[in-house]
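Okay, so here's the structure we're looking at.
Nothing in this text is a laboratory measurement; each read-out follows from the coordinates by a stated rule. This structure is a prediction, so every number in the text was calculated from the model and none was measured. Cβ placement follows ideal geometry from the backbone for every residue including glycine, while neighbour counts extend to all protein chains displayed.
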Amino acid sequence: MEKEKFLRNLTGPILFILVWETITRLELVSYFALPPFSIALKTLFYLIIKGSVFLHIFHSLFRAISGLFIAIFFGVMLGVVIGLSKWGKIIASPIFEMLRPISPVALVSVGLFWFGLGSPSIIFATAWGCFFPVALNTISGIRDVNNIYLLSAISMGADSKTIFREVILPSALPSIITGIRISTGISLIVIIAGEMMFAAKSGLGFLLIDGYYRHEPARVYAIIIIIGLLGAFFNTVILKFQNRLLRWRKGLTI
Amino acid sequence: MEKLLVRNISMIFGSSDREVVALRNINFSVSAHEFVSIVGPSGCGKSTLLYIIGNLIQPSEGEILIDGIPSDRGSISWGFVFQEYALFPWKTIIKNIEFGLKIRKRSAAERQKIARDYIELVGLKGFEDRYPHELSGGMKQRAAIARALAYNPDILLMDEPFGSVDSQTRVILQRELLNIWNKTKKTIIFVTHSVEEAIALSNRVLILTFRPGSIKVDIKIDLPCPRDLNDLMLTQEFNSYRHEVWEYLREEVDKTSI
């Protein structure tokens, strides 16, 4: 049953690849716009066998995860403080509204001024972009705790420290995780863009733009496939993490 | 001596230009092991009164004395059962029931032992490690009762606890509540809008007036204990109590429709 379902789900992707291969082999589009899937795949194997691509993957992953962790750390901390205090939100909200619309990719240039060429400028921009979803979701998670849970904890004699640890935090957790999930997507976007701006001479984004300048579309598409797989990997990890932490919600429709 | 004394409680909501007097001058006392029901038309402030007794709302005037001592949040000697279960969805049933004991810094082994006893008392054996959303409404309310009892408070405050379960489950839960009351000898204050439920369960029924809520009558229910609810409802005495309580209540319910 499971296997059957898995095979059925493969129909779409296989069809997609077949169309890709057919129109390129029939030369309906130019090789530079879209090389055949098989050639992109061959280049991908070549890159893997050569091995140097792994260092670039490592650099990109390191930047994405560092940025993400910095964002989660500050986002949750500030989100909790702001969410719990009345004045916190009054002061922080307008500042957030002002800063949030700034594209994090634009912040790479600011990072370059502050940190010079290299990973820190990209990590800075990634952390910036990931901070807002985490912070804003933490704030709303903390503020939306159902009053009945607070009342029932108070009715049993819980002090404010216990209420925070045992009621407010677990109740806000689904919302915090949603923020983190949004941020993982953002982190990949920002690092690729930053690397493409030559902020660092390594990483998947660097390989992409390098492949463009060398007129090697097959290499560009091979890297894009790697980026896609990386995104899927991030998504799987976060879903596993979410299911583990939110076991109590399984089957609940929210 | 009284277990609980409600003295001169008044509650005013809103600002000075648009005041709503929810409760006016409520005075009554409850003896130890007594089962007192509070009934009244919707919006009479019966739940508000219970929240005030449970120190969840500060009254505008008056005070609550437990064993002659003004009650405060520091010395909690009551368990509260809410209408909408209020179990923590992120904790398993046993962890929910252990919560009050955890607050009281009891050891993990002791907490578990006590929680298991109460799980057995409310008939939830086998559901210890389930999460609340996996349980039916009736089972959730049993768990909520066990949670309120587990840290052994003297007084149980119940706010329409069976209001959101179906009528068959309701009858079973009523019978079990009486069993629990007989076994644990708690003092129970029970808010309900059902006249039958109030008479069937209680030693005394307090009827509140419609806005502002004040005590209209305090009726002693002189029916034998322990009670068999099914038989009880057929007796002449039960029906005359029902008639009496309804007569008082109707005057107040009529006011709500104006």
task = Take each uninterrupted DSSP H stretch in chain A, measure its Cα extent along the helix axis, and return the ones at 18 Å or beyond whose mean Kyte-Doolittle hydropathy is at least 1.6.
result = A:52-84
remark   = Taking only C-alpha positions in chain B, Rg and Dmax in angstrom work out to 18.4, 57
request  = Let me have the 222 nm mean residue ellipticity of chain B computed from DSSP H runs of 4+ only, each contributing -39500 (n - 2.57), with the sum over all residues rounded to the nearest 500.
outcome  = -11500 deg cm²/dmol
ask   = Any idea what the relative contact order of chain B is, in percent, if you count C-alpha pairs under 8 Å spaced at least 6 apart?
value = 26
query = List the chymotrypsin sites (Phe, Trp or Tyr not before Pro) in region B:30-86 that DSSP assigns to loop (not H, G, I, E or B) and whose Cβ has at most 11 other Cβ atoms within 10 Å. Which are they?
reply = none
task = Treating only the Cβ atoms of Lys and Arg (+1) and Asp and Glu (-1) as charged, compute the dipole magnitude of the protein assembly as shown about its Cα centre; round to the nearest 20 debye.
result = 1860
message = As an exercise, use a Förster radius of 56 Å and the Cβ-Cβ distance of B:Gln168 and A:Trp114 to find the FRET efficiency, rounded to the nearest 0.05.
response = 0.25
request  = Taking all pairs of distinct Cα atoms, average 1/r, flip it, and tell me the Kirkwood hydrodynamic radius of region B:61-196 in Å to one decimal place.
outcome  = 15.4
inquiry  = Using 10 Å bins from zero, what percent of all Cα-Cα pairs in the protein assembly as shown falls into each bin?
reply    = 4, 15, 19, 18, 14, 11, 9, 7, 4, 0
request  = Name the aspartates and glutamates eligible as straight-distance cross-link partners of A:Lys5: C-alpha to C-alpha under 12 Å, and not fewer than 8 places from it in the same chain.
outcome  = none
inquiry  = If I fit a long axis through the Cα atoms of helix B:137-150 and take the longest principal axis of the Cα atoms of chain B, what angle between them do I get, 0 to 90°, rounded to 10?
reply    = 80
message = Within region B:103-147, list the residues whose amide N lies under 14 Å from a label point set 7 Å along Cα→Cβ of B:Lys183.
response = B:114-126, B:142-143, B:145-147
Local electrostatic count, B:Phe162, Cβ distance below 14 Å [Lys/Arg +1, Asp/Glu -1] = -3
task = Please tell me the relative contact order of region A:55-245 in percent, rounded to the nearest whole number, where contacts are Cα pairs under 8 Å and at least six residues apart.
result = 27
query = What is the mean number of Cβ atoms from other protein chains located within 10 Å of the Cβ atom of each residue in peptide B:76-83, rounded to a whole number?
reply = 3
Estimated inter-spin distance, A:Ile65 and B:Lys125, nm [label 7 Å along Cα→Cβ] = 4.9
task = Work out how far the C-alpha atoms of region A:55-245 reach from end to end along every principal axis, then list the three figures in whole Å, largest first.
result = 70, 35, 21
key: Among the listed pairs B:Lys140/B:Lys220; A:Lys42/A:Lys240; A:Lys250/B:Lys125, those beyond 26 Å (Cα-Cα)   = B:Lys140/B:Lys220; A:Lys42/A:Lys240
request  = Compute the long axis of helix B:167-184 from its Cα atoms, compare it with the longest principal axis of the Cα atoms of chain B, and write down the angle in degrees, 0 to 90, nearest 10.
outcome  = 80
note = Between A:Asp144 and A:Glu27, Cβ-based FRET efficiency (R0 51 Å, step 0.05) works out to 0.35
For A:Leu117, net neighbour charge (Lys/Arg +1, Asp/Glu -1) across residues whose Cβ lies under 15 Å away = +1
query = Taking neighbour Cβ counts within 10 Å as the exposure measure, how do A:Tyr149, A:Tyr212 sort from fewest upward?
reply = A:Tyr212, A:Tyr149
ask   = What does the average come to when, for each residue of peptide A:225-231, you count the partner chain Cβ atoms lying within 10 Å of its Cβ?
value = 0
message = What do you get for the angle between helix B:236-256 and the principal long axis of chain B? Use alpha-carbon atoms, 0 to 90 degrees, nearest ten.
response = 70
key: Dipole axis of the protein assembly as shown (+1 Lys, Arg; -1 Asp, Glu on Cβ), positive-most option in B:Leu223, A:Val29, B:Gln58   = A:Val29
Set of lysines near B:Lys216 by C-alpha distance (under 25 Å), chain-local residues within fewer than 8 positions excluded = B:Lys3, B:Lys46, B:Lys255
remark   = Across B:88-97, the residue-averaged tally of Cβ atoms belonging to other chains within 10 Å stands at 4
task = Could you work out the mean projected area of the convex hull around the alpha carbons of region A:88-142, in square nanometres to one decimal?
result = 4.1
